[in-house]
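Notes for the one structure printed next.
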Amino acid sequence: MSHTMLTVALPIALAWMMYCVGLTLSTADFKRVGQYPGRVLLGLSIQLLGLPLLAFAMIRLFALPEPVAIGLWLLALAPGGASSNAITHMSGGDSALSITMTAISSLIIPLSLPVMLALVVPDTQLIFPLKTAILQLTAVTLVPVLLGMATRHWATGEWFERFSPFANRSALGALFLTVMVTLAANTGVFHQLFSVASVAAVSLCVAGMLLGASAAKMFRGDKVLVKTMAIEVGVQNAGTAIFVAVVQLQRPELALTPLLYGVLMNLPAFVMIYFFQRRKLARAC
């Protein structure tokens, strides 16, 4: 059951969330992002360089045990994913910027991860499959977003006005489903929820969010940019880190920190979503 949920239900839920994100976007949103390349460059620099530096400092400062340290390092080297895009959307961030950063980072990570992994795991030869990364990005993110944008462009006004609120609510439900699927598929790590690995995972997530928000404020960005950078830097694709630990390195024990991160990262994310949705309802009333 857990395998079916992970391989079928989870990708479908992620794809549906990205379709719902696409319903709120148009080509003009991506053109606007292209007009401000500095924002993309800032976000990628913080995500691809700043977050690994932060993780490296945590590993050295707290003298983390080797499995926890390597797992944390894999997380810091991972790209963003569909979850960060959906969370950005439901938190009132810049969805187009978030998707752009995820797309670019997903193409860079297969090249940068093998090189930077050696800083913590010496004498490791790793070949990350670029083709797999592109296929995952296309299937779970790009295609659903394009379908959502096409629906918005071609749908009739009255039908779309009725469908759009439903899609917005269902996207939040799909996010809850992804969390439930993750929990159901990883019940074996529940006894580790109060371990050093959990503390490291939550610390990286929160510190990454603060790093992204601080960088955006220094860039004199508005609240939308601050929120987007916080989520895109703080919410990493735990699945990539788990894949490298289990499949590439063949060391399942290194997957513990990413597994816990995949569950616990939702706590600060849901806080941001809650406060934004509450303000949104207050303005509507």
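A short reminder: the numbers here are calculations on the coordinates, not readings from a lab. Everything quoted here is computed from the prediction, not taken from an experiment. FYI the Cβ positions are ideal-geometry reconstructions off the backbone, even for glycines, and counts take in every protein chain you see.
Summary of computed values
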| item | result |
| --- | --- |
| Nearest-0.05 FRET efficiency for Ile134 and Arg162, computed from C-beta distance (R0 35 Å) | 0.45 |
| Ascending count of other beta-carbon atoms within 10 Å, so fewest first, for Thr138, Thr88, Thr240, Thr100 | Thr138, Thr100, Thr240, Thr88 |
| Too-long pairs where the Cα-Cα distance tops 30 Å, listed order kept, from Lys31/Lys131; Lys131/Lys217; Lys31/Lys227 | Lys131/Lys217 |
| Theoretical gain in end-to-end length, Asp222 to Phe62 [0.36 nm per residue, Cα-Cα removed] | 54.2 nm |
| Gain on full stretching of the segment that runs from Leu49 to Leu267 - 0.36 nm per residue minus C-alpha separation | 76.0 nm |
| Packing-based exposure ordering (other Cβ within 10 Å, fewest first) of Asp29, Asp94, Asp222 | Asp222, Asp29, Asp94 |
| Percentage relative contact order, the range 2-278, counting C-alpha pairs under 8 Å, at least six apart | 33 |
| Structure-derived Rg and Dmax of the Cα atoms in Å - corresponding label in (i) 18.9, 54; (ii) 18.3, 61; (iii) 22.5, 76 | (ii) |
| Cβ-based exposure ranking for Ile109, Ile87, Ile59, Ile12, in which fewest neighbours within 10 Å come first | Ile12, Ile59, Ile109, Ile87 |
| Those chymotrypsin sites (Phe, Trp or Tyr not before Pro) in the range 190-226 that DSSP places in a loop and that have at most 11 other beta carbons within 10 Å | Phe194 |
| Nearest-0.05 FRET efficiency for Val196 and Val8, computed from C-beta distance (R0 35 Å) | 0.55 |
| Between helix 223-234 and the chain: long-axis angle, C-alpha atoms, 0 to 90°, nearest 10 | 30 |
| Separation between Cα centres of the range 192-215 and the range 78-117, rounded to whole Å | 17 |
| Computed FRET value (nearest 0.05) for Phe176 with Leu107, which takes r as the C-beta separation and R₀ as 45 Å | 0.90 |
| Aspartates and glutamates whose Cα lies under 16 Å from that of Lys223, excluding same-chain neighbours fewer than 8 positions away | Asp94, Glu232 |
